[in-house]
Each structure stands twice: as C-alpha cells, then as structure tokens.
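Scroll down for the structure; my scribbles are underneath it.
The values are calculated or read from the model by the stated rules, or taken from the named source; none is laboratory data. It should be emphasised that the depicted structure is a prediction, and the values quoted were computed from it without experimental measurement. Cβ sites come from the backbone with ideal geometry, for glycine too, and all protein chains shown count toward neighbours. We work out accessible area using only protein heavy atoms, side chains counted, and drop any ligands, DNA or RNA first. Shrake-Rupley method; radii C 1.70, N 1.55, O 1.52, S 1.80 Å.
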Amino acid sequence: MGQPPANARPRLLAACAAAVLLAAPTAADESGGRLIEAVMRLTRSSHWVPVRSVALAFPTYHPQGLARIGDAFVMSSVEVTVPPRRFDGPAGGYDRDPGQGVGHLFKFDGAGQLIAEARLGEGTIYHPGGLDYDGRHLWVAVAEYRPDSRSIIYRVDPETLQATEVLRFADHIGALVHDTGERALHGVSWGSRRFYRWPLDPQGRVRTAAVPPVRLRTMNPSHYVDYQDCKSVGRRRMLCTGVAELRQGTDAPPFRLGGMDLIDLRDGRPLHQVPVLLWTPQGLDMTHNPVWLEPQGSGMRGYFLPDDNHSTLYIYDVDVE
C-alpha cells in the first residue's frame, strides 16, 4: 500500500488523533455505568463497611479533590497563608478580600507516601477545587478564595503533574468535570449554585467562535448539599459529593450532614440524592472534602479525605443489592 500524499498526512494524523481521543474513555464509560447503577440503588439505610484507613505522611492543608489512577492518587489542596477577611459591607462586588495562599496538587501512593507535588494558580488565584479524571487527563479549576470571583481552568498530565491552562473565567469554579461523551467541561460555582458548560474541540481545547464559548447552563435546583468534589460518570451524568452544615441557632455548633447527588448534565436536575451517614471519630462528615467512588462487586468502594492538615484516607465498601 502506497504512502498518502504529503498534503494529506496532516489531515490523516489529525483524524487518527481524534479517533484516539474518542476511543480512550470506553473503559471509563463502562465503569461509570456500573457506578451510576450502584448509586441509584444507594439508600439512607445502605451499610458502609470500613475496609482500612491510611494516614497520609505529608502536610495536606485543606484538601479539595481526589482521583485514583492505577495504584496512585492525585489530590488538589489549598494552603491558606493569609485567610480572606470579610468586609463590613459589599465592596467592588465582593464580600471579602482574596487572602493569600498556594494551590497544590499532591500525588501519593496507597501507603500515604508522597510521590510528587506541583503548584497551581497565580497571585490571588490559589484555591484549587474538586477535580475530575477522564482516563487521560486531570481537570481542575483554581479560583480566588471568595464567591463571584475568577478562575483558571487547567488540564493536567497525571504522570508528570504538568498543567496546561485551558481558559480563564469570571466566576469562582469550585468543581469541574469533563464529559467525554459530549466533549464538554461542566463547572460548578461557589456553593454549587450555578452550573456552567464549555464545549471542547477534539484536541481538548475550548471552542472559540463568534459567540462566547461558555454559557450559564442552569441554576442548580437542588439545595441539599454544597458540592465539594464532582466526577463525570458517563451517560451525561455527574456525581457530586458535599456537605450541608445545619445550625439550630446562630451560635449553635453545626451539625454536618454529608451526601451525594447524581445530576443530569443536560439540565442540571438531580436524578438521585442520598445522605452518606459516615463520620470521622472527630465528628466530621466523610464527604466534607475530596471523595473518589468506584464500582466494587455488587456495590461500590469509596475513598474519603475529610480532614485538613494531617489527613487520613478512609476506605469503605457498600453493597447495594
């Protein structure tokens, strides 16, 4: 068989690259389908069984997002060096100053040992949010540590932790997922009140056209929990975990209820909502910070990192038959 003409080779290479990008998530989509089915059968009375817990052997600061990739984990975290200070009244559209800090990505093994670390963000944009793994790349947004602010969205190589800036956006994006079937990014604002959507081209770049490449997809109709970490699970769905802090009075200590929402990315509707009735020995809900969920047997396995600074990875199984 002869070689294609020289002027056809770039088109052929581009077509092959696009085919690889489309084919890569197949296994992840199958796994996501199993996870969707398990989540849909999860109830308040489902019994979570502890498997083991692993103390992380490095300072973790304030963890935000988690992904398991093979035998390793990648976690996003924010190190706050100067906490944001609330204003006496609104100023310039903000209720507080941005504070100061450092955004981190940590890669660690199953024994809790640090493998690698990278930094994300710039200036006052230092707060990484929840992250997603699409089978090829990690996706994470880094924002100012205040609502209605601004963010930088990155695509990250999970092997090297090398980050590539994808876009900048004028809102605080606290969680981000990559829907490979739709080939689009979906972002969640501070407090998970707003859902955004950015279409991508086959090379994973935000499409730029005559109209802005982002639109407000919808307002979140659910007020159950504030999402901390979200994952694309295929079938135009994302699975978000988070917490509701409930108080009986202004000065009363909070009761923290963790939970998860399975959300239809087409219109932002919750398809299944369920509390996760698990707490640490100190009383912190397991879904307070990063969560990674995967299908396991007739149910699923959950990896939870609720603690700040000196974190423990809690691993639980749940059977939903």
(request) Scan segment 263-298 residue by residue and report those that are touching a Ser or Thr at 6+ places or on another chain (Cβ under 6 Å), part of a strand (DSSP E or B) and of a type in the set (Val, Ile, Thr). (result) VAL291
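What is the residue count in segment 30-61 for residues that are of a type in the set (Lys, Arg), more than 16 Å from LEU305 (Cβ to Cβ) and over 20 Å from the mean Cα position of the chain (by Cα)?
If we filter segment 30-61 for residues that are of a type in the set (Lys, Arg), which is where we start, we get 34, 41, 44, 52.
Next, only the ones that are more than 16 Å from LEU305 (Cβ to Cβ) stay: 34, 41, 44.
Remaining after also requiring over 20 Å from the mean Cα position of the chain (by Cα): 41, 44.
Qualifying residue count for the region: 2.
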(message) Of everything in segment 57-80, what is under 21 Å from TRP279 (Cα atoms), open to solvent by 20 Å² or more (accessible area, probe 1.4 Å) and outside any strand (DSSP E or B)? Give them in sequence order.
(response) TYR61
(request) Could you list, in sequence order, all residues of segment 289-315 that are surrounded by 20 or more Cβ atoms within 10 Å (Cβ to Cβ) and of a type in the set (Ser, Thr, Tyr)? (result) TYR303, SER311, TYR314
(request) Output the number of the condition that ASP226 fails; it satisfies all remaining conditions of (1) open to solvent by 10 Å² or more (accessible area, probe 1.4 Å); (2) in contact (Cβ under 8 Å) with a residue 40 or more places away in the chain; (3) in contact with a helix residue (DSSP H, G or I) (Cβ under 6 Å, 6 or more places away or on another chain). (result) (2)
(request) Give just the number: which of (1) on the phi > 0 side of the Ramachandran plot; (2) of a type in the set (Lys, Arg); (3) free of Cβ contacts under 8 Å to residues at least 12 places away in the same chain does ARG235 not satisfy? (result) (3)
(request) Scan segment 40-56 residue by residue and report those that are farther than 17 Å from LEU313 by Cα and open to solvent by 40 Å² or more (accessible area, probe 1.4 Å). (result) MET40, ARG41, THR43, ARG44, SER45, HIS47
(request) Using the structure shown, decide if THR164 is of a type outside the set (Asp, Glu), closer than 23 Å to ALA72 by Cα and modelled with pLDDT under 95. (result) no
(request) Consider GLY283 carefully, then state whether it is open to solvent by less than 30 Å² (accessible area, probe 1.4 Å) and of a type in the set (Gly, Ala, Ser). (result) no
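Tell me the strands (runs of 3 or more DSSP E) entirely within segment 90-182 that contain at least 2 residues that are surrounded by 23 or more Cβ atoms within 10 Å (Cβ to Cβ). It would help to see each step written out before you state the result.
On the way: elements: 94-96, 100-109, 114-120, 127-133, 138-143, 151-156, 163-169, 173-179.
Output list reads 100-109, 127-133, 138-143, 151-156, 173-179.
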(request) Any chance you could count how many residues in segment 111-121 are of a type outside the set (A, V, I, L, M, F, W, C), under 20 Å from the mean Cα position of the chain (by Cα) and on the phi < 0 side of the Ramachandran plot? (result) 2
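Answer with yes or no whether PRO202 is modelled with pLDDT under 95 and either within 21 Å of ASP171 (Cα to Cα) or assigned to a strand (DSSP E or B) (or both).
no
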(request) Give me the pairs, please: first residue somewhere in segment 279-302 and without any contact (Cβ under 8 Å) to a residue 60 or more places away in the chain and farther than 15 Å from LYS231 by Cα, second residue anywhere and open to solvent by 20 Å² or more (accessible area, probe 1.4 Å) and of a type in the set (Lys, Arg), beta-carbon distance under 6 Å, and either six or more positions apart or on two chains. (result) ASP285/ARG256
